[in-house]
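Visitor: Sharing a structure with you now.
The values are calculated or read from the model by the stated rules, or taken from the named source; none is laboratory data. Every value quoted in this text rests on a predicted model; they were computed, and no experiment measured them. Here Cβ is always computed from backbone atoms with ideal geometry, including for glycine, and neighbour counts include all displayed protein chains.
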2 protein chains.
Amino acid sequence: MTVEVLGLDGDDTLWRNEEYFADTQRAFRALLASYVGDDIDLDDRMNATERANLELFGYGVKGFTLSLIETAIEASGGRIAAADVQQLLDLGKALLRRPVALLEGVAETVPVLAEEYRLIVITKGDLWNQEQKLAGSGLAELMWRIEIVAEKDPATYKRILGQYDIDPACFVMVGNSVRSDILPVLELGARAVHIPQEHTWVQELAEHDGSVPTLESILDLPAWLAVNG
Amino acid sequence: MTVEVLGLDGDDTLWRNEEYFADTQRAFRALLASYVGDDIDLDDRMNATERANLELFGYGVKGFTLSLIETAIEASGGRIAAADVQQLLDLGKALLRRPVALLEGVAETVPVLAEEYRLIVITKGDLWNQEQKLAGSGLAELMWRIEIVAEKDPATYKRILGQYDIDPACFVMVGNSVRSDILPVLELGARAVHIPQEHTWVQELAEHDGSVPTLESILDLPAWLAVNG
């Protein structure tokens, strides 16, 4: 079947994201250095806190910032000073304020794709922050639909395809996360294209069996669709 | 024109919400009592922090919790102990975990309304938390559509009416917030019904000119619609 609708992930597919979280965790480790011995792996502690809070907080910068503060209190044995907690709040705010930076190839490729296909951004995280990112991306007007969702699982994709009357056979999802952009879409009988990024959040790690089309860059997507779409 | 679609606000229209924030701010004041003199009005400080952070955080419990922590650091002159910051984190988590409690009359009235009208919940706040509330409300199956939005302004209502092909003349919005549920809907030429609640967040305060139909309880809505719809 011919591709009619193209789903595009936002974070780390259209714009830089995970590397900014990594920058923030680097600043977090530096801030905590005076409280915490070398025997404590702060990244491990942070991952454990985030995992424990995920069911309650969901995705996004605000929950991440709350988890940073919780990890700092725990890892410092309750010794972290209020001024340093404020620094963590400020790191979270800086992350929210960071201007949107499109990934290489996106600015040239998305307008080309928009001429051929109906484009739908499907992205998860804080509604408020994702809307600001979309507004800052300059891409919103090229999109047929924008779906900011709480979780990217088969039920969510099924709801979206149903709501807009999209035949799974005519839908291709494009993204960097195997767990969120690839596997749930394949489960519905639609297709997916994987464009890996260097940084992937540890809670998103998953693998596909190698049969999923994998591109080095979004720049290769129009050619791939011309042949396979 | 006959009413076909009924918009229902979530927080403080279908279920209790603002009073839980008020409970949390009471616990916050008690926790800060040992740090802060009587000359400091903690509610004023918290309102100022929330107002300053609104553009960055948007609505919802996670941003509220971050603002609680920031207010505590500032109001205590940087003296708040890490253990007490953890208490604030725990207050935020307790707020997120609080089970959904429907307001009086909702459980009886919404099924009656669903027989006559297409119902659409239009609610703002954290996507993750609002979805959990809807799931916990037992009302989701009665809804024709669910729209969790970042801001309830005329542009948002216009998008929703357009997306679902709803004639403003056939739409009535029902809610407790004049600012979010009434004024932007009137601006589009649709109608609105105000059901005030005892607790209203200070950032939501607004007035209408008295010409807006105002009901004491959702229990009165079917009769109002039968006459005016």
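Visitor: Can you tell me how many residues within region B:124-146 are outside any helix (DSSP H, G or I), more than 11 Å from chain A (Cβ to nearest Cβ) and not aromatic (F, W, Y)?
Guide: So the answer is 3.
Visitor: Against the conditions (1) free of Cβ contacts under 8 Å to residues at least 24 places away in the same chain; (2) away from chain B (no Cβ under 14 Å), where does A:W15 fall short? Just the number, please.
Guide: (1)
Visitor: Quick check, is A:G10 in the same structural domain as A:I195 (by TED's automatic domain parsing), under 22 Å from the mean Cα position of the chain (by Cα) and over 15 Å from A:A94 (Cα atoms)?
Guide: yes
Visitor: So B:T71 clears everything in (1) of a type in the set (V, I, T); (2) away from chain A (no Cβ under 13 Å); (3) part of a helix (DSSP H, G or I) except one condition, right? Which one?
Guide: B:T71 satisfies every listed condition except (2).
Visitor: Could you please let me know if B:A72 is more than 23 Å from the chain's Cα centre (by Cα) and either without any contact (Cβ under 8 Å) to a residue 12 or more places away in the chain or under 18 Å from B:E151 (Cβ atoms) (or both)?
Guide: no
Visitor: Residue under question is A:L66, and the condition is that it be within 12 Å of B:A82 (Cβ to Cβ) and crowded, with 21+ Cβ neighbours inside 10 Å; does it hold?
Guide: So A:L66 does not fit the description; no.
Visitor: Further, regarding this structure: Can A:G7 be described as within 30 Å of A:P222 (Cα to Cα) and outside any loop (DSSP other than H, G, I, E, B)?
Guide: Answer is yes for this residue.
Visitor: Name the one entry in B:V85, B:V110, B:V61, B:V121 that is surrounded by 20 or more Cβ atoms within 10 Å (Cβ to Cβ), in contact with a helix residue (DSSP H, G or I) (Cβ under 6 Å, 6 or more places away or on another chain) and assigned by TED's automatic domain parsing to the domain that holds B:G162.
Guide: B:V110
Visitor: When you go through A:A94, A:A83 one by one, which is the residue that is more than 8 Å from chain B (Cβ to nearest Cβ), part of a helix (DSSP H, G or I) and not aromatic (F, W, Y)?
Guide: Criteria check complete, one pass: A:A94.
Visitor: If you don't mind, there's one more thing I want to ask. If I ask for residues that are closer than 25 Å to B:Y35 by Cβ, in contact (Cβ under 8 Å) with a residue 24 or more places away in the chain and at the interface with chain B (Cβ under 7 Å from one of its Cβ atoms), which ones from region A:58-68 would you list? Steps first, answer last, please.
Guide: Within region A:58-68, the first condition is being closer than 25 Å to B:Y35 by Cβ, and the residues that meet it are A:62, A:65-68.
Going one step further and asking which of them are in contact (Cβ under 8 Å) with a residue 24 or more places away in the chain, we end up with A:62, A:65, A:68.
Correct list: A:K62, A:T65.
Visitor: So, of the residues in region A:99-123 that are assigned to a loop (DSSP other than H, G, I, E, B) and touching a strand residue (DSSP E or B) at 6+ places or on another chain (Cβ under 7 Å), which turns out to be nearest to the other protein chains (Cβ to nearest Cβ)?
Guide: A:V100
Visitor: Could you give me the residue pairs with C-beta distances under 8 Å whose first residue belongs to region A:213-229 and is in the same structural domain as A:E116 (by TED's automatic domain parsing), whose second residue is among the polar types (S, T, N, Q) and in a helix (DSSP H, G or I) wherever it lies, and which are 6+ apart or on separate chains?
Guide: A:P213/A:N228; A:I218/A:T109; A:L219/A:T109; A:L221/A:T109; A:P222/A:T109
Visitor: If you don't mind, another one. Answer with yes or no whether A:G175 is in the same structural domain as A:E151 (by TED's automatic domain parsing) and at pLDDT 95 or above.
Guide: Spelling it out, A:G175 is indeed in the same structural domain as A:E151 (by TED's automatic domain parsing) and at pLDDT 95 or above.
Visitor: Could you list, in sequence order, all residues of region A:36-57 that are surrounded by fewer than 17 Cβ atoms within 10 Å (Cβ to Cβ) and within 14 Å of chain B (Cβ to nearest Cβ)?
Guide: A:A52, A:L54, A:E55
Visitor: Please verify whether B:I182 is surrounded by fewer than 21 Cβ atoms within 10 Å (Cβ to Cβ), of a type in the set (A, V, I, L, M) and in contact with a strand residue (DSSP E or B) (Cβ under 6 Å, 6 or more places away or on another chain), treating the condition exactly as stated.
Guide: No; evaluated as a whole, the condition is false for this residue.
Visitor: In region B:148-203, what residues are over 13 Å from the mean Cα position of the chain (by Cα), farther than 24 Å from B:D220 by Cα and small (G, A, S)?
Guide: B:A155, B:G162
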